[in-house]
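Each remark here refers to the structure printed beneath this line.
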Amino acid sequence: MTHASDASDAFPLPYLTGYAPDLLAQVRGLIADGRLSGILAQRYPDTHEVRTERALYDYVSDLKARHMKSAPPLAKVAYDPRLQTVRNALGTHSSVSRVQGGKLKAKREIRIAALFKEAPADFLRMIVVHELAHLKEREHDKAFYALCRHMAPDYHQLEFDLRLWLTARELPAS
Ligand SMILES: [Zn+2]
């Protein structure tokens, strides 16, 4: 059904594809009332100081040491300004294998969208947990999300709220 004043026309919510329609209706309500950004700022007041590649490497290594000691070491961790649209992942992980001294060695890399430099601390934690989990689980399946929740028990709430935050930062300033 379409209607001239259908709220979904005004707020297409590309970051929230797949969530339940009634939840999306609530989000559209908050946007229409101009309340979404304020609610998120209140819920996530803490910023972080992880602004350089060095600081990010240390941050990721620390989380990895705490939860995923057995995973192979990371060759590189970087902020990437090219990761920023809804079509791109917000983080990537890669593993480049090459033969070194007769042994097959994998160089593992994690890249985090540069927009997380300005994100609340909890959202940086969420995306790092997500990419760390991919060191063990490739697909977004049950095992993957179980590992995410092991590292961040509030993972699902954080992912939803991150999507709200990405939505809010693209709304026209009112
Ligand atoms: Zn993923």
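What follows draws every value from the coordinates through simple rules; no lab data is involved. Note that the structure is a prediction, hence the values are computed from the model and not measured. FYI the Cβ positions are ideal-geometry reconstructions off the backbone, even for glycines, and counts take in every protein chain you see.
If one computes P(r) from the Cα atoms of the chain, what percent of pairs lie at distances over 27 Å?
Tail of P(r) above 27 Å: 33 percent of Cα pairs.
When Lys and Arg each count +1 and Asp and Glu each count -1, what net charge do the other residues less than 9 Å away from LEU158, Cβ to Cβ, add up to?
-3
To make sure I understand the rule: partners must be aspartates and glutamates, Cα under 19 Å from the Cα of LYS142, and not fewer than 8 residues away in the same chain. Which ones qualify?
Candidates past the 8-residue exclusion: GLU131, ASP154, GLU159.
Rounded to the nearest 500 deg cm²/dmol, what is the calculated helix-only ellipticity per residue at 222 nm for the chain, with -39500 (n - 2.57) per DSSP H run of length n ≥ 4?
Result for the chain: -13500 deg cm²/dmol, rounded to the nearest 500.
Out of residues 5 or more away from HIS48 or on other chains, whose amide H comes under 5 Å of its own, with H placed 1.01 Å from N in the peptide plane?
Amide H to amide H, under 5 Å and 5 or more residues apart or across chains, HIS48 pairs with ALA121.
In nm, what is the difference between 0.36 nm times the number of residues separating ARG54 and SER94 and their Cα-Cα distance?
Computed gain between ARG54 and SER94 is 12.5 nm.
Under the rule a/c < 1.5 gives rounded, and otherwise a/b versus b/c splits prolate from oblate, where does the range 103-148 land using the Cα gyration tensor?
Judged from the Cα gyration tensor, the range 103-148 comes out oblate (a/c at least 1.5, b/c at or above a/b).
Along the charge dipole of the chain, which of VAL60, ALA119, ALA146 sits closest to the positive end, that is, farthest toward it, with unit charges on the beta carbon of Lys, Arg, Asp and Glu (+1, +1, -1, -1)?
Result: VAL60.
Can you give the extra length, in nm with one decimal, that the chain gains between HIS140 and HIS67 once fully stretched, where that is 0.36 nm per residue apart less the Cα-Cα distance?
24.4 nm is the gain from fully extending HIS140 to HIS67.
Under a Cβ-only charge scheme (Lys and Arg +1, Asp and Glu -1), can you give me the dipole magnitude of the range 53-169 about the Cα centre, in debye to the nearest 20?
My answer is approximately 560 debye.
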